[in-house]
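Colleague: The following block contains the structure, expressed as structure tokens.
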Amino acid sequence: MTFSINLGVWGSVFAVPACVVDRHIKIASEAQIKVLLYILRHAEDENSADTLCAALKLSREEAENALSFWIERGVLTESQGVLEPANVPQKADESDSVISKMPEPVKKHHTAVSRARRPDSQFVAKLLKEDALLAGLLEEAQTVLKKPLSSGDTATLVMLYDTFGLPCEVIAMMMNYLASVGNANMRAVERLGIRWADEGIKTAESAEREVERLTNSREAWGRVSTLLGIRNIGKPTAAQMEHADRWLNEWGFNDEMITEAYERCVNTKGAYDIRYINAILKRWNNSGIKSLDTLHAQESATKNKTTVKKNNSSKGSVFSTDGASFDISKYENTSLFDD
């Protein structure tokens, strides 16, 4: 008689660092967990930012923010466009240990941040001699970043200027904005600079408008998070700022309506879900419902209409005379993410 173990789904596994669960899972977002698991599972593949976006249904910014989250926490490292598991030494404390058999280094995981090669030192030195504005930008960068620039830092700024075509004044405005929100580091400068170049933000006027938009979004999230009692650990995500900006500045909802949507989300889902709240507010906005009085009046009218139709149906009418009744709360629950 022979015996075998039916491993089922356990027949194919991959390693995850213990610190991901021990330290970071409490603060990691859904997108950040998804990105890390996908990269570890496909460690031997070439996963570009586009691959992550398509596979996980994330925006490019969400994917890049997720990668930065794990890089900043030492779970992944990046060197010239290559992402790989960090080489963390074993410690006596089991909570800091990493499973011994880590995946092989992930090769050629290109992201938008590393699409262009940084110029070499000879080119940088030649350009600085010829361009006084660029030399002035490097001086300002040291003041804004509050540290001397390394050769890599200098090369990054020259790349944004020469390769991506961002004027010095635009780069300076971008650095000052990042400093104002406590994110003055070269990685953030590079990432935001490339995004601005992609979006055509290459004049002082367009940069000023974008800084104003980002500031309004951040302030909107601050108001929403305080209103709902959400303690955000770390910096707000792009999705959080985008939703808050939409609710307050685009759709014009007041505090009462946002609180009502939040309470309905928690009552229905049992937890806070920003996408669910957004879906509720989207339905209300599309229906022109901007106050609790209007909401309650419409729901009361819908309830009364439904009661009348049920009474008519109980008297022998199989179908109502004017079509199916509309229950707004039911509609929110069944069609939340339909456009």
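Colleague: Output yes when any residue across the stretch 73-91 is open to solvent by 20 Å² or more (accessible area, probe 1.4 Å), modelled with pLDDT under 55 and touching a Cys at 6+ places or on another chain (Cβ under 8 Å), and no when none is.
Modeller: The answer is yes; a qualifying residue exists.
Colleague: Also, I was wondering about something else. Would you please list the contacts, defined by Cβ atoms under 8 Å and residues six or more apart or on different chains, that run from a residue in the stretch 129-150 that is outside any helix (DSSP H, G or I) to a residue that is surrounded by 15 or more Cβ atoms within 10 Å (Cβ to Cβ) and not β-branched (Val, Ile, Thr)?
Modeller: Every condition considered, the pairs that remain are LYS146/ALA184; LEU149/LEU138; LEU149/ALA141; LEU149/LEU157.
Colleague: Given the criteria in contact (Cβ under 8 Å) with a residue 24 or more places away in the chain and open to solvent by 20 Å² or more (accessible area, probe 1.4 Å), does ARG209 qualify?
Modeller: Numbers: in contact (Cβ under 8 Å) with a residue 24 or more places away in the chain: no; open to solvent by 20 Å² or more (accessible area, probe 1.4 Å): yes.
No.
Colleague: Among LYS305, LYS310, LYS315, which is open to solvent by 80 Å² or more (accessible area, probe 1.4 Å) and modelled with pLDDT under 65? Even if it seems obvious, please write down each step before you answer.
Modeller: Numbers: LYS305 fails: modelled with pLDDT under 65; LYS310 fails: modelled with pLDDT under 65.
Just one listed residue meets the conditions, LYS315.
Colleague: Of everything in the stretch 154-187, what is of a type in the set (Gly, Ala, Ser) and buried (at least 17 other Cβ atoms within 10 Å of the Cβ)? Give them in sequence order. Working first, answer last.
Modeller: In the first step, residues of the stretch 154-187 are kept if they are of a type in the set (Gly, Ala, Ser); the result is 155, 165, 172, 179-180, 182, 184.
Listed by number, the residues that qualify are ALA155, ALA172, ALA179, ALA184.
Colleague: Looking at (1) more than 29 Å from TRP221 (Cα to Cα); (2) crowded, with 16+ Cβ neighbours inside 10 Å, which is the only condition GLU139 fails?
Modeller: (2)
Colleague: Run SER48 past the list (1) at pLDDT below 80; (2) closer than 20 Å to ARG187 by Cα; (3) in contact with a helix residue (DSSP H, G or I) (Cβ under 8 Å, 6 or more places away or on another chain) and report the number of the one that doesn't hold.
Modeller: (3)
Colleague: Tell me which helices (runs of 4 or more DSSP H) are completely within the stretch 191-307 and hold 1 or more residues being of a type in the set (Ser, Thr, Tyr), or say none if there are none. Let's see the steps before the verdict.
Modeller: Working: elements: 204-228, 238-245, 255-269, 274-286.
In the stretch 191-307, the matching helices (runs of 4 or more DSSP H) lie at 204-228, 255-269, 274-286.
Colleague: With the checklist (1) among the small types (Gly, Ala, Ser); (2) open to solvent by 20 Å² or more (accessible area, probe 1.4 Å); (3) more than 22 Å from LYS26 (Cα to Cα) in hand, flag the one item ALA279 doesn't pass.
Modeller: (2)
Colleague: Return only the number of the condition from (1) of a type in the set (Asp, Glu); (2) closer than 20 Å to MET186 by Cα; (3) open to solvent by less than 80 Å² (accessible area, probe 1.4 Å); (4) at pLDDT below 85 that ASP120 does not satisfy.
Modeller: (3)
Colleague: For the stretch 28-61, which residues satisfy the criterion of being of a type in the set (Asp, Glu) and either crowded, with 22+ Cβ neighbours inside 10 Å or over 11 Å from the mean Cα position of the chain (by Cα) (or both)?
Modeller: In the first step, residues of the stretch 28-61 are kept if they are of a type in the set (Asp, Glu); the result is 30, 44-46, 50, 61.
Of everything in the stretch 28-61, those that are of a type in the set (Asp, Glu) and either crowded, with 22+ Cβ neighbours inside 10 Å or over 11 Å from the mean Cα position of the chain (by Cα) (or both) turn out to be GLU44, ASP45, GLU46, ASP50.
The values are calculated or read from the model by the stated rules, or taken from the named source; none is laboratory data. This is a predicted model, so every value here is computed, not measured. Note that we place each Cβ from the backbone using ideal geometry, even for glycine, and neighbour counts take in every protein chain shown. When the accessible area is computed, the model is the full protein with side chains, heavy atoms only, and any ligands, DNA or RNA have been set aside. Shrake-Rupley method; radii C 1.70, N 1.55, O 1.52, S 1.80 Å.
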